Amino acid sequence: MNKKSVIFIILAVLLGVGLGVGGTIGAQKVIAKAPAQSTGTASVPKKAGVFLPIGEFTVNLQGGAFLKTMITIEVTDVKAGVLLKEEDALLKDRVNTVLANKSLTDVQTLAAREKLREELLKKLNEVADNKITGVLFVTFAYG
């Protein structure tokens with residue numbers, strides 16, 4: 001290869017990289033600044049409550065499988081979070097009771113997980129006087 005060919009190849013590679021990077025940055029800026037479609041009503045973002053981790057749970061499911069998950073709950077406010085920290089043992093007991101009564105098919109699909117989330121929310125609010133607004137599965141593994 002002669003010197004002109006090497007210079008041409010280097011320039012072509014640099015130009016390609018420059019266009020790729022520039023295009024990516026430009027696309028991100030355009031997409032990020034794209035206005036949201038208006039439906040005629042102002043949408044108010046959901047205000048998140050206070051998040052309270054209640055622990056990691058490993059349970060034997062019905063039928064011999066296992067579930068390992070880490071759960072965080074969303075509570076209405078800081079005061080509720082402080083009160084529920086005192087009820088930690090009761091909350092964990094409710095979670096263990098609900099999870100241990102499930103089978104592998106009760107946790108495998110997204111729909112099943114949403115149903116489990118709703119059941120946990122209901123059972124935990126029996127202890128928490130409806131101060132819990134959400135149940136989050138931080139980790140979720142089964143086998």
Q) What spacing in nm lies between the two simple spin-label points modelled at Val78 and Thr97, each 7 Å away from Cα in the Cβ direction? A) 3.2
Q: Read phi for every residue in region 62-77 and hand back ³J(HN,Hα) as whole Hz from Karplus 6.51 cos²θ - 1.76 cosθ + 1.60, θ = phi - 60°, with x for Gly and Pro.
A: 4, x, x, 7, 10, 9, 10, 8, 10, 10, 10, 10, 9, 10, 5, 7
Q. So what are the ³J(HN,Hα) numbers for region 123-133, from phi and the Karplus equation (6.51, -1.76, 1.60; θ = phi - 60°), rounded to whole Hz, Gly and Pro as x?
A. 5, 5, 5, 5, 8, 9, 6, 6, 8, 9, 10
Q) Of Ile73, Asn60, Leu120, which is farthest along the charge dipole of region 50-142 in the positive direction, counting Lys and Arg as +1 and Asp and Glu as -1 at C-beta? A) Asn60
Q: Could you list which residues have their amide H under 5 Å from that of Lys102, counting only those 5 or more apart in sequence or on another chain, with H placed in the peptide plane?
A: Gln62
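Between Ala112 and Phe66, what length in nm is gained on full extension when 0.36 nm per residue of separation is reduced by their alpha carbon distance?
On the way: separation 46, 0.36 × 46 = 16.56 nm, distance 1.55 nm.
Gain on stretching Ala112 to Phe66: 15.0 nm.
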Q.
Below 10 angstrom from the Cβ of Thr139, what's the summed charge of the other residues (Lys, Arg +1; Asp, Glu -1)?
A. 0
Q. Between rounded, prolate and oblate, where does region 50-142 land on the alpha carbon gyration tensor, with a ≥ b ≥ c its root eigenvalues, rounded for a/c under 1.5, else prolate if a/b exceeds b/c?
A. prolate
**Q.** 5 angstrom amide H check on Phe57, placed H, neighbours 5+ away
**A.** Thr69, Met70, Ile71
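Computed from the coordinates by the stated procedures, all read-outs in this text should not be read as laboratory data. Since the structure is predicted, the reported quantities are computational estimates derived from the model, not experimental observations. For neighbour counting, all protein chains shown are included, and Cβ atoms are generated from backbone atoms with ideal geometry for every residue, glycine included.
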